[in-house]
1. Take the Cα atoms of the protein assembly as shown, find their three principal axes, and give me the spread along each one in whole Å, biggest first.
2. Partner chain Cβ atoms within 10 Å, averaged over the residues of A:445-458 - can you pull that number for me?
3. Restricting attention to the stretch A:478-538, which chymotrypsin sites (Phe, Trp or Tyr not before Pro) occupy a DSSP loop and are surrounded by at most 11 other Cβ atoms within 10 Å?
4. Between the alpha-carbon centers of the stretch A:183-211 and the stretch B:111-186, tell me the distance in whole angstrom.
5. When the Cα centres of the stretch A:66-138 and the stretch B:264-328 are compared, how far apart do they sit, in Å?
6. If R₀ is 41 angstrom, what is the calculated FRET efficiency for the pair B:Thr328 and B:Ser157, using the beta carbon separation as r and rounding to 0.05?
7. Are there chymotrypsin sites (Phe, Trp or Tyr not before Pro) in the stretch B:2-48 that DSSP marks as loop and that have at most 14 other Cβ atoms within 10 Å, and which are they?
8. Using alpha-carbon positions, what is the distance between the centroids of the stretch B:218-250 and the stretch A:484-527, in Å?
Amino acid sequence: MTVVAPPRGTRTERKPSPVRGRAPVALWAMALVAVVPAFAPIAYLVWSVVRAGVTDTGGISAGRLLELFLSTAVLVAAVTITTAVLGTATAWLTTRTDLGGRGLWSTLVTLPLVIPSYVGALAMLGTSGNSGLMTEALRAVGLPGLPVFAGFWAAWGALSLWNFSFVHLLAVPAIRRMDPALEEAARGLGSSRWRTMFTIVLPQLRPALLSGSLLVSLYVLSDFGAVSLLRYETFTRAIYAQFRGRLDVTPALFLSGVLVIVALVLVWAEQRSRGRANLSAAHPTRPPSPVHLRGIPRLTAYGFLSTIVIGALILPLVTLVWWAARGMSLGNTVGSVIPELIRSVSVSGMAAVVTVLAAIPLAILTVRHAGRATRALESITWSAYSLPHLAVGLGFLVLALRFVPALYQTVLLLIIAYVAMFLPQALTSAQIGLRQIGPSIEEASRGLGSGALATLRRITLPLLWPSLLAGGALVFLTVMKELPATLLLRPTGFETLAVRIWSASSELFYTQASVAALVLVAVSAVPLYVLVARDLHD
Amino acid sequence: MSNGYTLAIRARQVSRRFGDVVALDDFNLDIHSGNVITILGPSGSGKTTALRLMAGFDRPDQGSVEIGGVTVADDETFIPPERRRVGMVFQDYALFPHLNVARNVGYGVPKTARRRRVGETLELVGLTGKESRMPHELSGGEQQRVAIARALAPAPSVIMLDEPFSNLDAALRTRVSAEVAEILRTAGTTAVFVTHDQEEALSTSDFVAVMRAGRVVQAARPSDLYHEPVDEWVAGFLGDADFFNGHAVAGKVTTPVGDFPTDLDGSVRVMIRPESVLLSPSDNGGAVVRQRQFFGHDQLVTVVLRNGLQLRARLGPTPNFEAGDAVTVSVERATAFPAN
């Protein structure tokens with residue numbers, strides 16, 4: 001439910017703000033303080049690779065690096081292609097055909113976003129294997145059970161099921177923007193339905209698909225929870241294993257640096273692809289007539305959508321409930337995760353408040369004093385958000401150890417990292433709010449005798465309040481389900497819901513993990529989905 | 001024209017560029033206290049930039065601005081907008097959406113005088129009784145009057161209005177602009193309008209400053225501006241006009257439609273406004289009607305003179321001219337410019 005690049009309006013806006021007063025030094029200073037934590041770990045990681053290139057990679061051989069690179073690339077490619085196909089199919093079926101309940105289907109295929117990938121992986125583990133839900137069900141009817149879902153196929157399935165909705169969400173507006181007259185013209189010229197699909201429809205979707213695919217690639221590259229629980233070796237899993245297994249952080253740091261550099265390429269490509277996708281925006285003059293699906297194709301379409309919804313949404317939730325219920329019958333209660341819930345809520349709450357405060361000067365600077373320098377500042381804040389959080393977290397950890405050891409294993413460091421990583425969520429929200437306020441209202445206040453600070457207090461902040469609240473809520477809910485950076489930076493014994501789910505799953509305590517997972521989905525992912533659902537379906 | 005007046009605003013050699021775009025280039029303007037003046041120019045001529053520089057929302061690159069005899073901007077000085085005592089009425093009104101009418105209007109007034117000034121200015125704009133409404137509960141016209149009341153409430157030395165009528169449709173515009181000009185005259189404040197609409201400028205202002213390419217090309221009373229524009233561009237910008245080449249000798253210019261007095265000599269261009277042209281039906285007249293556009297309250301008749309030149313005449317709705325009618329042309333008034 002996160003987006004890698006700033007929303008379109010922000011990036012393409014070339015028109016400078018009409019307020020041309022020079023940005024006060026204090027504003028710049030506050031914005032820089034907010035941005036430095038985002039910049040420092042990334043710069044440090046990249047530097048560590050550059051340095052290692054001439055001296056010491058911490059024992060990581062070129063062969064090992066190549067092996068990791070290949071296994072990661074295979075997973076990224078497989079998931080990206082699968083999600084592109086699935087997402088385009090669901091988008092097309094729910095917008096351009098006469099299937100019943102298209103709006104409902106469209107919502108159902110985006111609902112898997114409420115399941116964080118590590119929760120999805122937990123559900124996969126809980127449904128397969130010796131005591132899994134499916135195995136028990138199959139055995140009940142006299143069939144052999146399922147082996148444990150693990151390795152490449154499991155990781156591929158999990159990441160495809162819980163990421164394809166992003167492609168769906170990007171493809172739907174692109175399909176809506178297409179002018180049906182083009183298809184009709186092609187059909188009128190004698191082109192078959194399939195030929196029209198491949199020569200007219202898909203080329204128009206290409207910018208959206210490219211954008212969606214790059215987004216998914218980046219998520220797969222960054223994923224830590226699913227690949228480590230499902231035991232498929234990628235960069236993130238190797239980094240964590242190196243980090244846990246040795247006192248020397250050099251190899252983990254080196255691998256993180258390589259991962260960040262690969263991810264930066266994807267981030268760069270993703271941001272460029274958005275600019276291009278912009279150009280293709282056309283406005284159809286009338287809605288297209290829906291494609292009539294009859295007989296076998298219609299049944300196939302329903303079957304396809306149902307399979308996806310069952311696999312990505314219903315089965316995992318049923319599995320979690322089944323395990324949770326099993327645990328309850330053994331005496332577990334929801335109360336057992338209350339300490340974790342309290343820790344998650346309090347640390348997320350603090351992170352949300354600080355993030356919003358940090359976003360205010362940055363938003364004012366980037367909206368009211370837009371220029372090359374402020375755009376650069378904005379890109380930096382987006383990079384910590386977009387890059388693999390495991391790597392960014394490791395960057396924070398090592399920076400703290402080397403330069404501010406007092407911060408190591410403190411909640412404060414965790415909050416600084418959260419602020420750096422999720423600043424763009426609060427920033428975007430504040431920027432949208434500021435743009436809606438418009439500079440003339442602030443100028444009117446200045447003209448009536450209020451100085452810059454009085455105007456901020458009397459006019460801007462009261463009007464901006466709802467946007468800040470929304471941005472804060474977004475940060476709060478996202479921090480709740482953040483796993484990799486939390487795992488690295490938390491003080492020993494500081495278990496949040498996400499950490500509990502991960503550690504209980506890795507130790508095969510599925511009953512405990514499932515209770516925590518259901519609580520997390522209920523208090524974080526579902527509200528987050530509701531909060532952004534309107535934008536998603538717009 | 002400045003006898004007895006003091007200067008409310010004085011801008012000298014102001015220039016402002018945005019990147020490669022020169023918005024103001026040697027901009028000079030004097031605004032006398034108590035006047036309603038309009039800065040008129042096509043879009044991109046720099047008029048809004050000029051207004052924003054005077055109000056303090058922007059700084060000049062060069063030049064100086066004085067308000068009430070005090071320098072508010074030059075190479076060393078920059079007085080921020082909140083200390084300039086300039087009221088601003090924005091194109092989009094910029095009402096504070098979270099404050100009601102009374103709190104909007106009272107925003108710039110010190111607490112002790114607030115109740116009184118809010119009451120006075122709302123009465124002036126005819127909105128007494130709407131104090132507790134929120135901005136979104138008002139019609140567009142009411143919002144505009146709140147914006148004017150809010151700008152007037154702190155009793156500024158100058159009030160500036162940026163394209164205040166551009167959101168209104170053409171039918172309303174004439175009436176509302178007259179009302180607003182009346183309100184401002186009653187308040188006795190110096191008022192500076194910015195617009196690209198020449199009729200609005202001519203009908204509401206004591207003075208009009210015409211801008212082109214970042215500078216004031218002519219500032220004069222509306223009627224002087226209309227009849228005695230400094231050049232062909234200003235003439236055409238202010239209203240319909242036809243132009244002829246002529247030759248001036250001894251205080252007189254000879255044209256295909258008659259002789260006119262001038263103090264120029266040699267080759268000149270002569271401007272004739274359609275209102276100055278009279279047509280009368282006549283079988284052996286010097287011209288033929290080519291086209292007629294009928295507007296109801298008047299008609300615009302294009303005639304072709306014997307030498308092939310065209311001339312337009314704006315006449316009352318009668319008589320009915322038809323294409324091909326022979327007419328006699330007489331021109332009451334013409335203005336000559338030096339030919340370039």
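1. Ordered largest first, the protein assembly as shown gives principal extents of 116, 72, 63 Å.
2. Numbers: counts 6, 10, 20, 17, 11, 4, 4, 3, 0, 1, 2, 0, 0, 4.
The shielding value for this peptide is 6.
3. none
4. 56 Å
5. About 78 Å separates the Cα centre of the stretch A:66-138 from the one of the stretch B:264-328.
6. Details: r = 55 Å, r/R0 = 1.34.
That gives a FRET efficiency of 0.15.
7. For chymotrypsin sites (Phe, Trp or Tyr not before Pro) across the stretch B:2-48 that sit outside H, G, I, E and B with at most 14 neighbouring Cβ atoms in 10 Å, the list reads B:Tyr5.
8. Their Cα centres are 81 Å away from one another.
Every read-out reported here was derived from the displayed coordinates using simple, explicitly stated rules and does not represent laboratory data. In this text, all values refer to a predicted model and were calculated from it rather than measured experimentally. Neighbour counts are summed over all protein chains in view; Cβ atoms, including those assigned to glycine, are modelled from backbone coordinates with ideal geometry.
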